[in-house]
Amino acid sequence: MNLAVRIQGSANDAEDIVHDAFLKARERLAELRDGSAFRPWLGSIVVRLVRTRLRRRRFLGSLGLSSPEPIELDAVASPNADPESRVLLAQVYSLLQTLPADERIAWTLRYVDRHRLEAVAELCDCSLATAKRRILRAQRYLTERFVAPFGLDDDAMAQDLSRGDS
């Protein structure tokens, strides 16, 4: 549930996604060879379902049949986050909504969920090189468009956004 919420930025569809993920997992349980891999395996199912919904929403939006989903800061922010952090988080999620689904998901898994690059690739069902490219494109996009808060220059903000690359 938390994974779906963090990638989407809202809890609106997260319950449906988690429900669908467990149904899919139940259907495909025989494919799971290693029981200790259940969590990442289920996570990859959730990621695929979120990707499908993000792509569908973007397509419908391009046809004028849907509007961007509002970001639910209470769903993604820590309850004790200060107002400035909440504003920055809202800006990041607003920018993420404009990215292609694959880039948004890879960046969120890496920098919001703090997964290692190998785990991002596994969850996204892509090669490590592809995961790195997606994350890099998203990072460049965010860095170019992010408005630094008062007191932080653009270089400091770019460093702050890119922290954790190892």
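Every number here is computed from the coordinates shown, using simple stated rules; none is lab data. Because the structure is a prediction, the values reported are computed rather than measured. Here the Cβ positions follow ideal geometry from the backbone for every residue, glycine too, while neighbour counts run over all protein chains shown.
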What 222 nm value per residue comes from the helices of the chain, counting each DSSP H run with n ≥ 4 as -39,500 (n - 2.57) and dividing by all residues, nearest 500 deg cm²/dmol? -20000 deg cm²/dmol
Any idea how far the Cα center of segment 111-151 sits from the one of segment 44-94, in Å? 15 Å
Interchain or long-range residues, amide H under 5 Å from residue 66's placed H: 61
How big is the charge dipole of segment 25-141 about its Cα centre, in debye rounded to the nearest 20, if each Lys and Arg gets +1 on its Cβ and each Asp and Glu gets -1 on its Cβ? 460 debye
Which label in [x] 16.4, 55; [y] 19.2, 54; [z] 16.4, 52 gives the computed Rg and Dmax of the Cα atoms in Å: [x]
